[in-house]
1. Taking springs between alpha-carbon atoms closer than 10 angstrom, which of Leu388, Leu296, Leu305 fluctuates most in the Gaussian network model of the chain?
2. In whole Hz, with x marking every Gly and Pro, tabulate ³J(HN,Hα) for segment 121-134 from phi via Karplus 6.51 cos²θ - 1.76 cosθ + 1.60, θ = phi - 60°.
3. For every helix of n ≥ 4 consecutive DSSP H residues, a contribution of -39,500 (n - 2.57) applies; sum these over the chain, divide by its total residues, and give [θ] at 222 nm rounded to the nearest 500 deg cm²/dmol.
4. So what's the net charge close to Asn129: Lys and Arg +1, Asp and Glu -1, counting the other residues with Cβ under 10 Å from its Cβ?
5. Between segment 109-141 and segment 324-375, how far is it from one alpha carbon centroid to the other, in angstrom?
6. Helix 75-84 versus the longest principal axis of the chain: what is the Cα-based angle in degrees, 0 to 90, to the nearest 10?
7. Go through (1) 19.4; (2) 20.6; (3) 28.3 and flag the label whose value is the computed mean projected area of the Cα convex hull in nm² for this structure.
8. How high is the relative contact order of the chain? Use alpha-carbon pairs under 8 Å, at least six apart in sequence, and give a whole percent.
Amino acid sequence: MEKVLIKDANIVNEGSIMRGDVYIENGIIMEVSQNLSVKSPDVHVFDAEGQHLLPGVIDDQVHFREPGLTHKASIATESAAAVAGGITSFIEMPNTVPQTTTIEKLEEKFSIAAETSYANYSFMFGGTNDNLAEIKKVDKKKVAGLKLFLGSSTGNMLVDDEEVLREIFKSTDLLISVHCEDEETIRENLAIYTERYGDDIPINMHPIIRSAEACYISSSRAIALAKETGARLHVFHLSTAKEMELFDNKTPLKDKKITAEVCIHHLWFSDADYEEKGTLIKWNPAVKTQADQDALWEALLDDRLDVIATDHAPHTLEEKQNVYTKAPSGGPLVQHALPAMLEMYHEEKISLEKIVEKMCHNPAILFEVEKRGFIKPGYFADLVMVDLNNPWTVTTDNILYKCKWSPFEGSTFKSRITHTFVNGRLAYKNFKVYDDKFAKRLTFNR
């Protein structure tokens, strides 16, 4: 399928929706126009009448667990689920086993993805208290960026030496992405509730233990350090109203030195959902109050928050159903993130154009991804066809994650992803991921 013509789609791109056609050759978008004709008999034609065509989503934060934790997930299983969810490119995190904190381990992950990934791929390099020499070897044109955990999470990679942190910020021109929660605050809170409840702390205490204060202390420090050193900083998974005062919408994204991300779960769930969902919605940072969620939505729509991502982080159902202190944080999201945001469109909380801006265009701009994230000539044909009026319900039968559960199980979405194209090739159609793989390593214009 080297030549593809998508006809009569409602093309959502760069702030507008246009009825038109897209012609693709050898994985590249050649023409976007109206009334394009079939140029030769070997063109594969897809009739998209009544459907919407979006750029493939670029998810800037996933944990696919390979190597070392493949009982939970693998690059193959989770990238297949991602493609089913309209995510055509991902950036994976370094807290695997072993951690991705040397060039050798980084290249091993690239080798695995080259063989097994269904979606385009890149990886974050991990920073620690003692690997500055390795950080300096990373080629910013070939790697998405540097990830620092300023609060401990799965695969504890906590960077808690202030002088090391300052030196990293001063010494690298890599984009630095950070997980911000203040470890001292969390440990003090956890001690209080462990003394009261033992290991079986009620799950609704999670946002009190991993509190809004813990988030703000850490994120404000990271931002102050970035301003002091001139580092390029991207703050992952913001979760509180108070943190929104740290970001601005006065600078175009391409010129911002400090950028911000919000994740699906913080836009969808609130602390009122702990009673029903329990530890299935235990994330770090924690899902917090409705007031926090409302503030995140406000900041997303006024452009203080730049990107919507998933922080896809699967664990087995058995692991998640442990008591509080033993239940790991994180959950699977890549298959259901875009359908969830499209549900928010139906609820009139966000426009289709804004969804595409935050999930497709802005990750490409922010990470300087080469020729992806837009529907325009010369770009790779990563595309998603969506039927906005084709309801379906999330069940174990259609969940593609290796862990086979989802916090959305039982939810009915009005919109269905019908086709996903990766580099111009049909990778997914109506709940079926095709065996052939067309993914490429992401490259960066830096």
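The values are calculated or read from the model by the stated rules, or taken from the named source; none is laboratory data. Here the structure is a predicted model, which is why all the values come from computation and not from measurement. Using ideal geometry, Cβ is built from the backbone for each residue, glycine included, and neighbour counts are taken over all protein chains shown. The area values use the complete protein model at the heavy-atom level, side chains included, leaving out ligands, DNA and RNA. Shrake-Rupley method; radii C 1.70, N 1.55, O 1.52, S 1.80 Å.
1. Among Leu388, Leu296, Leu305, the largest GNM mean-square fluctuation belongs to Leu388.
2. Once rounded to whole Hz, the list reads 9, 8, 9, 8, 8, x, x, 9, 5, 9, 10, 4, 4, 5.
3. Rounded to the nearest 500, it is -7500 deg cm²/dmol.
4. -4
5. 22 Å
6. Tilt of helix 75-84: around 60 degrees.
7. Comparing each candidate, only (1) matches the computed number.
8. In percent, rounded to a whole number, it is 21.
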